[in-house]
Amino acid sequence: MRSKGMATMVCIPLLGKDKVLGILNLARKTKGTYGQPELTFLQQLADQLAVCVENARLYAEVIRGKAELIQSAKLAAIGQMAAGVAHELNSPLTAIMGNAQLLLRKSPPESPEKPLLEDINRCGARCKKIIQNLLTFSRQEQFPLEPLDLNQVVNKVLPLVSFQIDHSNIRMVTKLHPDLPLITGNSQQIEQVLVNFLLNARDALEGKLGKKALKITTGIFPENNSGDSTPDLAPGPGRVYLSVSDNGQGIKESDLPNIFNPFFTTKDVGKGTGLGLSVSLGIAEAHNGTIKVESACGKGSTFTLLLPASTGEDNCVGRGENHDYQCSSINHR
Ligand code: ADP
């Protein structure tokens, strides 16, 4: 202050509702203390400034909230529209695939049309999958709930994807908790989440030089503290998790906030639909659970499905076949 030729200085805090927003520093070249009328004036000035700062912050928050509201309204509208379109496309697609399969059966192996028909069939199957995802994402659908063992879900899904995983030279390990509590859920949907995690992990490992590793873990939270790839999640009562870790390309920090948005994809055109994670999160939330992500660019990612363990109140706590389960159903979205 002296170097600037100032001799007297006063610092006045800018007081917000419940915190100090900043400090107003004033200085002058003449020596001597500030008088009471000056201080009263400066205090009033500081109070006015504090109100301005607080209003500016509130305004920014309102604008942000409005933008979020518009965004979610847009997403809801897109969801409804997508469901309508998907529904309309389902029937003609069934006819296209059915006819292609009929012609395929009739065409001899050496026929030049055979690869073309196979292509029609393959593309049709891909479209069907996209449609199915869209419908799952946006349809009000009843899914029956049952007592589920996440370890069994893993064992059921592995044979379905192991060919694709092995084919990509990925070393897969599973670490399943030996005494995992049941959850109350829909088997098909939880399987779908796991398949999405696994296929994303496979894609993230594509082109990686060096060892490609993928790990599936189940466990109880917060009891499990193995410390390796188990994600660092806030403890909660009676929760179980299913996580998939890979040492692939990881997710850019700028992409992380978007990965659960429908249609967000960083994959090549024709490869990604951007629906896998949004559908998966919808499923997790419909099961009163959530999905957590940990990722480091260039190092890998861990996706964790976290679900509440069954309680006696679910009527779904038994393990044996003789239990008389009486389960409800959930409304997905
Ligand atoms: P899609 O797989 O069709 O792109 P998803 O909703 O499943 O759609 O995933 C959205 C995006 O999230 C992906 O395009 C990718 O950028 C990112 N992502 C998901 N899983 C992983 C992963 N294991 N590693 C790196 N990126 C991932």
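Computed on alpha carbon atoms, what radius of gyration and Dmax characterise the chain, expressed in Å?
Cα only, the chain: 28.8, 105 Å (Rg, Dmax).
Excluding residues on the same chain fewer than 8 positions from Lys4, give the lysines whose Cα lies under 17 Å from its Cα.
Lys29, Lys31
For the chain, calculate the relative contact order in percent as a whole number, restricting contacts to Cα pairs under 8 Å that are 6 or more residues apart.
Relative contact order, the chain: 15 percent.
How compact and how long is the range 58-151, expressed as Rg and Dmax of its alpha-carbon atoms in Å?
Expressed in Å, the Cα Rg and Dmax of the range 58-151 come to 21.1, 72.
For the range 135-212, run through the GluC sites (Glu not before Pro) and keep only the ones in DSSP coil with at most 14 other Cβ atoms within 10 Å of their Cβ.
Qualifying residues, ordered by number: Glu206.
Considering the chain as a Gaussian network with a 10 Å cut-off on Cα pairs, which listed residue, Ala284, Ala73, Ala50, attains the greatest mean-square fluctuation?
Per the Cα network of the chain with a 10 Å cutoff, Ala50 tops the list.
Which number do you get for Rg(Cα) / (2.2 N^0.38 Å) in the range 31-88?
Normalised by 2.2 N^0.38 Å, the Cα Rg of the range 31-88 equals 2.41.
Please get the size of the charge dipole for the chain, origin at its Cα centre, with Cβ charges of +1 on Lys and Arg and -1 on Asp and Glu, quoted in debye to the nearest 20.
1460
Just from its helices, what would the mean residue ellipticity at 222 nm be for the chain, if runs of 4 or more DSSP H residues each count -39500 (n - 2.57) and the sum is divided by every residue, rounded to the nearest 500 deg cm²/dmol?
Taken over the chain, the calculation gives -15500 deg cm²/dmol.
Could you state the accessible area per residue of the chain in Å², with a 1.4 Å probe and every protein chain left in place?
Spelled out: the 1.4 Å probe surface of the chain, per residue, equals 60 Å².
For the range 192-211 and the range 254-275, what is the separation of their Cα centres, given in Å?
14
For the chain, with all protein chains present and a 1.4 Å probe, just round the carbon and sulfur fraction of the accessible area to a whole percent.
It is 56 percent, rounded to a whole number.
What percent do you get for the relative contact order of the range 74-138 when only Cα pairs under 8 Å and 6+ apart count?
Relative contact order here is 52 percent.
Would you check the accessible area of Glu118, probe 1.4 Å, heavy atoms only, in square angstrom rounded to 10?
Glu118 has an accessible surface of roughly 80 Å² with all protein chains in place.
The values are calculated or read from the model by the stated rules, or taken from the named source; none is laboratory data. Everything quoted here is computed from the prediction, not taken from an experiment. Every residue, glycine as well, gets a Cβ built from its backbone with ideal geometry; the counts of neighbours run over all protein chains shown. We work out accessible area using only protein heavy atoms, side chains counted, and drop any ligands, DNA or RNA first. Shrake-Rupley method; radii C 1.70, N 1.55, O 1.52, S 1.80 Å.
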